[in-house]
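> Okay, here's the structure, questions in a sec.
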Amino acid sequence: MSETEEPSLLTQVVRNDAFKVTVLFAAIWALFYALSAFLGYPTYGVVATLRRVTFLAAVYAIAVLALNIQWGYTGLFNIGVAGFMAVGAYTTVILSANPGGSPPGLGLPLPVGVLGGILAAVVIGLVAALPALRLDADYLAIVTVAFSEIIRLTLNSPVLIEITGGASGFDNLPTSPVQSLLLSDPGSIISEPTAIGAFVFGLGEPLGLTRIVLINVVYTVGVLVVLLLVYLLLERAGKSPFGRVLKAIREDEVAAQSLGKNTQSFKVRAFALGCGLMGLAGILWYAMGPRASVVPANFRPELTFYIFIALIIGGAGSNTGSIIGGAVFASLLYEAPPLLSDVVVKLLADYNVTLPSAPGNVVTTVASADPLAVLAFLLANIDTLRFIFMGVLLVLLVQYKPDGLLGDRTETAAAVPISEDSRPAGSDAGGETDE
């Protein structure tokens, strides 16, 4: 194919980002459906498994997109992601929770609480950014992770137990918006459904799906819609003059300054935007929905590292890569290992293979030289070993695919692809000039 020849329709479809994301999610759903069906899960169990994987993929993708605007676009090394997610989640529940509960909330409408959580994350991001962005990347990383830990330890402090709930967390969570949408009494799962609820339950209950599963499915669909909106926002921002300046700062800040750009202002705005979206991810993940649990332990530094691994998998600087990285990490690295462990155990049981008791430590396991003992040890410690898998994958990615799956794609710095001839067909080589 010559350089000027238009690619075929099939080639355009395969190269399309929406096609890649759709194929990835279809493959993930097919894998988890097969694993769940093999384990003999009932219909509601299979649907619950698919929903859980989809939910985690979506919230991870939102958090990775937020980090991508900072690290992938601007080169700001923020490893305090978990802290800004905590600010969003805690602010939302404090603003929207029942005033009569413990700890008491302010009882404001949930949309106000969500907006307040996002704005609080933006403000805290600005407070951290104004002094920290004057530092080099290594020192910025130290400041952000320290800031994140200060936030977590403050929320964990017994001094603020009347406000945050301390180490036990904020148990007085606001009512799920989906339950308000589907049930006449959101506080009772067995209450009469609304018109929308009657429609949703009427579709799912004949298939053996419980109300809890259906409510969680609807919430996950809502999170996917939010993910799409965030993606479109950042795609538009990335192709705007604002986004092109951020990329210029990432490549050479001095060159951007020489062109008259106030790089400090752009970095502050990019950092604040990313922090606001991190707050949104924390709200959707922990303040509402099926995994609602606002506890300081949820916001440990390892959460930040998970999100960084997902960004590295997808490719820094690529919004589509951020979604792919979040989905791959949440499904294949986080959720799949325990399920695969159950599959192996079932296969062994089907073939009447009895595993010995798992050895107490890896030294004993290796010394035994018994393949079944090694397998028993691996299955018993799968939750711990998956962190080793993550580390090995990270090393391999950095070694062989440092740009990630989609991070090596070339991007135009101009608003239009200036390398292509955009003149109408049949136009002369000459023409009018601007002079």
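> Provide a single number: the residues in region 126-153 that are among the polar types (S, T, N, Q) and either touching a Pro at 6+ places or on another chain (Cβ under 9 Å) or not in a helix (DSSP H, G or I) (or both).
First pass over region 126-153, keeping only residues among the polar types (S, T, N, Q): 144, 148.
Then drop every residue that is not either touching a Pro at 6+ places or on another chain (Cβ under 9 Å) or not in a helix (DSSP H, G or I) (or both), which leaves 148.
Going through region 126-153 one residue at a time, the tally reaches 1.
> For the structure I just gave you, tell me whether residue 129 is crowded, with 24+ Cβ neighbours inside 10 Å and touching a strand residue (DSSP E or B) at 6+ places or on another chain (Cβ under 9 Å).
For residue 129, the condition - crowded, with 24+ Cβ neighbours inside 10 Å and touching a strand residue (DSSP E or B) at 6+ places or on another chain (Cβ under 9 Å) - is not met.
> Still on this structure: Quick test for you: out of 266, 170, 201, pick the one residue that is surrounded by 13 or more Cβ atoms within 10 Å (Cβ to Cβ), in contact with a helix residue (DSSP H, G or I) (Cβ under 8 Å, 6 or more places away or on another chain) and under 24 Å from residue 298 (Cα atoms). Write out each step before concluding.
On the way: 266 fails: under 24 Å from residue 298 (Cα atoms); 201 fails: under 24 Å from residue 298 (Cα atoms).
Every option except 170 fails the conditions.
> One residue is enough: does region 38-53 have a residue meeting the conditions of a type in the set (D, E, K, R), in contact with a helix residue (DSSP H, G or I) (Cβ under 9 Å, 6 or more places away or on another chain) and farther than 26 Å from residue 240 by Cβ?
Yes, region 38-53 contains at least one residue that is of a type in the set (D, E, K, R), in contact with a helix residue (DSSP H, G or I) (Cβ under 9 Å, 6 or more places away or on another chain) and farther than 26 Å from residue 240 by Cβ.
> Out of 170, 201, which single residue is touching a residue at least 60 places away in the same chain (Cβ under 8 Å) and either in contact with a Leu (Cβ under 7 Å, 6 or more places away or on another chain) or over 20 Å from residue 217 (Cα atoms) (or both)?
Exactly one residue qualifies, and that residue is 170.
> Please verify whether residue 26 is under 30 Å from residue 339 (Cβ atoms), modelled with pLDDT of 95 or more, surrounded by fewer than 14 Cβ atoms within 10 Å (Cβ to Cβ) and more than 15 Å from the chain's Cα centre (by Cα), treating the condition exactly as stated. Steps first, answer last, please.
Values: under 30 Å from residue 339 (Cβ atoms): yes; modelled with pLDDT of 95 or more: yes; surrounded by fewer than 14 Cβ atoms within 10 Å (Cβ to Cβ): yes; more than 15 Å from the chain's Cα centre (by Cα): yes.
For residue 26, the condition - under 30 Å from residue 339 (Cβ atoms), modelled with pLDDT of 95 or more, surrounded by fewer than 14 Cβ atoms within 10 Å (Cβ to Cβ) and more than 15 Å from the chain's Cα centre (by Cα) - is met.
> Shifting gears a bit: Name the pairs: first residue in region 317-332 and in contact (Cβ under 8 Å) with a residue 24 or more places away in the chain, second residue outside any helix (DSSP H, G or I) and of a type in the set (Phe, Trp, Tyr), Cβ to Cβ under 8 Å, at least 6 apart or on different chains?
If the second residue must be outside any helix (DSSP H, G or I) and of a type in the set (Phe, Trp, Tyr), the pairs left are 317/73.
> Among 420, 411, 435, which is charged (D, E, K, R), over 30 Å from residue 317 (Cα atoms), at pLDDT below 65 and not in a helix (DSSP H, G or I)?
Checking each option against the conditions leaves just 435.
Results for (1) farther than 27 Å from residue 294 by Cα; (2) out of contact with any His (no Cβ under 9 Å at 6 or more places or on another chain); (3) in contact (Cβ under 8 Å) with a residue 60 or more places away in the chain; (4) among the polar types (S, T, N, Q), shown as yes or no for each residue.
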site: 185; (1), (2), (3), (4): no, yes, no, no
site: 188; (1), (2), (3), (4): no, yes, no, yes
site: 217; (1), (2), (3), (4): no, yes, yes, no
site: 221; (1), (2), (3), (4): no, yes, no, no
site: 271; (1), (2), (3), (4): no, yes, yes, no
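> From the list 54, 92, 49, exactly one residue is β-branched (Val, Ile, Thr) and either surrounded by 24 or more Cβ atoms within 10 Å (Cβ to Cβ) or without any contact (Cβ under 8 Å) to a residue 12 or more places away in the chain (or both). Which is it?
On the way: 54 fails: either surrounded by 24 or more Cβ atoms within 10 Å (Cβ to Cβ) or without any contact (Cβ under 8 Å) to a residue 12 or more places away in the chain (or both); 49 fails: either surrounded by 24 or more Cβ atoms within 10 Å (Cβ to Cβ) or without any contact (Cβ under 8 Å) to a residue 12 or more places away in the chain (or both).
On inspection, the qualifying residue turns out to be 92.
> Confirm whether residue 153 is farther than 18 Å from residue 299 by Cβ and modelled with pLDDT of 90 or more.
Considered against the rule, which asks whether it is farther than 18 Å from residue 299 by Cβ and modelled with pLDDT of 90 or more, residue 153 comes out as no.
> Of all residues in region 154-167, which are crowded, with 17+ Cβ neighbours inside 10 Å and either in a helix (DSSP H, G or I) or under 24 Å from the mean Cα position of the chain (by Cα) (or both)? First the steps, then the outcome.
Just the residues of region 154-167 that are crowded, with 17+ Cβ neighbours inside 10 Å, to begin with: 155-156, 164-166.
Answer for region 154-167, where residues must be crowded, with 17+ Cβ neighbours inside 10 Å and either in a helix (DSSP H, G or I) or under 24 Å from the mean Cα position of the chain (by Cα) (or both): 155, 156, 164, 166.
> Does residue 277 fit the bill of being at pLDDT 90 or above and surrounded by 24 or more Cβ atoms within 10 Å (Cβ to Cβ)?
Against the criterion (at pLDDT 90 or above and surrounded by 24 or more Cβ atoms within 10 Å (Cβ to Cβ)), residue 277 qualifies.
> Can you confirm whether residue 325 is modelled with pLDDT of 85 or more, closer than 29 Å to residue 244 by Cβ, out of contact with any Pro (no Cβ under 6 Å at 6 or more places or on another chain) and in a loop (DSSP other than H, G, I, E, B)?
Spelling it out, it is not the case that residue 325 is modelled with pLDDT of 85 or more, closer than 29 Å to residue 244 by Cβ, out of contact with any Pro (no Cβ under 6 Å at 6 or more places or on another chain) and in a loop (DSSP other than H, G, I, E, B).
> Quick check on region 76-92. Is at least one of its residues in a loop (DSSP other than H, G, I, E, B) and among the aromatic types (Phe, Trp, Tyr)?
We begin by selecting, within region 76-92, every residue in a loop (DSSP other than H, G, I, E, B); these are 76-80.
This time we only want the ones that are among the aromatic types (Phe, Trp, Tyr), so: 77.
Within region 76-92, one or more residues are in a loop (DSSP other than H, G, I, E, B) and among the aromatic types (Phe, Trp, Tyr).
The values are calculated or read from the model by the stated rules, or taken from the named source; none is laboratory data. Predicted model, so just to flag it, every value in this text is computed and none were measured. Cβ: placed from backbone, ideal geometry, glycine included. Neighbour counts: every protein chain shown.
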